[in-house]
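Here is the structure we will look at, set down as structure tokens.
Every number here is computed from the coordinates shown, using simple stated rules; none is lab data. Because the structure is predicted, anything quoted here is derived from the model rather than measured. Here Cβ is always computed from backbone atoms with ideal geometry, including for glycine, and neighbour counts include all displayed protein chains.
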Amino acid sequence: MSSTQSLTLVCFPHAGGGLGRYRKWRDELPDGVELVLPDLPGREGRLFDEPLPDVASVSERAIRSLSGRIARSDRLAVAGISYGALVAFDMAARLEASGKRIEAVFAASQRAPSTPLPQINWRLMDDEQLLAELVQIGGLSPDLGRDEEFLELFIPVIRAELHASETYLRPASYDMLRCPIFLYHGVEDAAIPASSTHAWRDETDHFAWRSLEAAHFLTGSDDEDLWFEALRKDLDRCTAGAVPDRHTSPRSF
């Protein structure tokens with residue numbers, strides 16, 4: 001990988017999540033890394049748009065909306081956490097199938113695309129139960145459960161994207177990725193068992209794992225962004241051409 005060309009990093013948030021976390025990364029990214037944040041339905045500039053029904057629709061929409069940026073970028077990487085990790089994977093698979101080179105996928109807090117978990121059925125869950133589940137995994141402050149405006153605006157998006165996340169499975173037509181995958185998993189993650197992440201190794205010949213002392217959203221006790229601290233190191237590795245080996249076993253490093 002040549003360090004003389006800038007790297008475009010496209011990032012996807014968790015279900016119903018905004019892009020503020022990623023905006024905080026801009027000033028601390030390695031030199032030569034440009035952050036790109038897709039404008040997704042149901043949040044920020046498209047707050048009142050209906051959420052898309054499945055992961056494939058989101059990745060297709062992102063590819064279309066970023067087509068000019070993608071075409072201009074010689075070096076492209078994708079990142080996502082939770083629901084966003086599946087969108088990042090699906091986008092990378094589609095782009096590689098079209099002939100586009102992808103430098104890396106950075107996937108956090110998500111089961112492998114080929115490993116289904118028992119479905120919770122978020123779409124049919126009532127609001128009270130949904131909010132309780134989100135609070136339990138650290139994805140929602142209890143105070144927001146009493147905010148009527150929040151409930152009206154964001155619960156439909158959260159519900160739809162959680163359903164899209166739990167029902168996604170890697171299409172059989174997808175080839176193994178040619179790019180490396182860097183996986184990040186919190187040892188205290190109550191939503192994604194570590195055993196459900198192991199098959200990420202089967203999606204590429206170049207795989208690396210980081211086990212972080214954190215829960216699902218990979219933040220520390222003082223709101224440190226532990227995922228970004230780890231990902232930044234791996235961006236440096238990519239820039240230096242240090243591609244992980246296929247036989248990296250699940251472990252901290």
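Rounded to whole numbers, the Karplus 3J(HN,Hα) couplings from phi for the range 9-14 are 10, 9, 10, 10, x, 6 Hz, using 6.51 cos²θ - 1.76 cosθ + 1.60 with θ = phi - 60°, and x at Gly and Pro. In plain terms, the chain is cut at each of the GluC sites (Glu not before Pro) found in a DSSP loop with at most 14 other Cβ atoms within 10 Å, and the longest leftover piece is 1-187. Quick one, which of (i) 27, 20, 18; (ii) 43, 21, 17; (iii) 35, 20, 16 is the actual semi-axes √(5λ) of the Cα gyration tensor in Å calculated for this model? This structure yields the entry labelled (i). The slack in the chain from Gln119 to Arg232, taken as 0.36 nm per residue of separation less the alpha-carbon distance, amounts to 37.4 nm.
Where does the charge balance sit around Pro30 when Lys and Arg score +1, Asp and Glu -1, over other residues with C-beta under 14 Å from its C-beta? Intermediate values should be presented prior to the final figure.
Details: positive: Arg26, Arg75, Arg232, Lys233, Arg237; negative: Asp27, Glu28, Asp31, Glu34, Glu103, Glu229, Asp234, Asp236.
Every neighbour counted, the sum reads -3.
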